[in-house]
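Student: First the structure, then my questions, so here it is.
The values are calculated or read from the model by the stated rules, or taken from the named source; none is laboratory data. For clarity, every value in this text was computed on a predicted model and none was experimentally measured. So basically every Cβ, Gly included, is an ideal-geometry build from the backbone, and we count neighbours across all protein chains shown.
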Amino acid sequence: MFLAKILLRSRIPGKQWIGKNRRPTKITDATKQRLIARLEIEAETQYWLSRPWLTSDQEHGSAKDSKKVNFIEQFRAFRKSKFPPHEFMAHHLDHLNVTKKW
């Protein structure tokens with residue numbers, strides 16, 4: 001179908017870049033270089049993700065201390081926190097009385 005359109009020089013119906021009968025995109029050297037650069041970045045990321053910082057023996061139980069410290073700090077902050085002062089609902093809805101004429 002694309003060959004017939006090229007040979008007969010007919011126009012592409014509808015939007016050129018989307019749909020069933022879209023114009024094929026040209027692959028240039030710049031697009032190839034961008035694709036290669038993205039693939040290199042992905043390969044480097046895979047390389048670094050495949051080598052963990054800690055071994056599995058070092059990793060086992062390493063977060064227990066930090067979890068305990070965080071829990072203690074959160075518990076202390078909860079005990080020291082105070083509830084906000086009581087407010088009337090009229091205070092929250094006072095901005096609605098701006099145009100009240102009566």
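Student: Consider only pairs whose beta carbons are under 7 Å apart and that are at least six residues apart or on different chains; among these, list those whose first residue lies in segment 43-69 and is surrounded by 10 or more Cβ atoms within 10 Å (Cβ to Cβ) and whose second residue is part of a helix (DSSP H, G or I) and at pLDDT 80 or above.
Tutor: none
Student: Go through segment 46-65 and give me each residue that's modelled with pLDDT under 75 and in a helix (DSSP H, G or I).
Tutor: 65 - this is the single residue of segment 46-65 that is modelled with pLDDT under 75 and in a helix (DSSP H, G or I).
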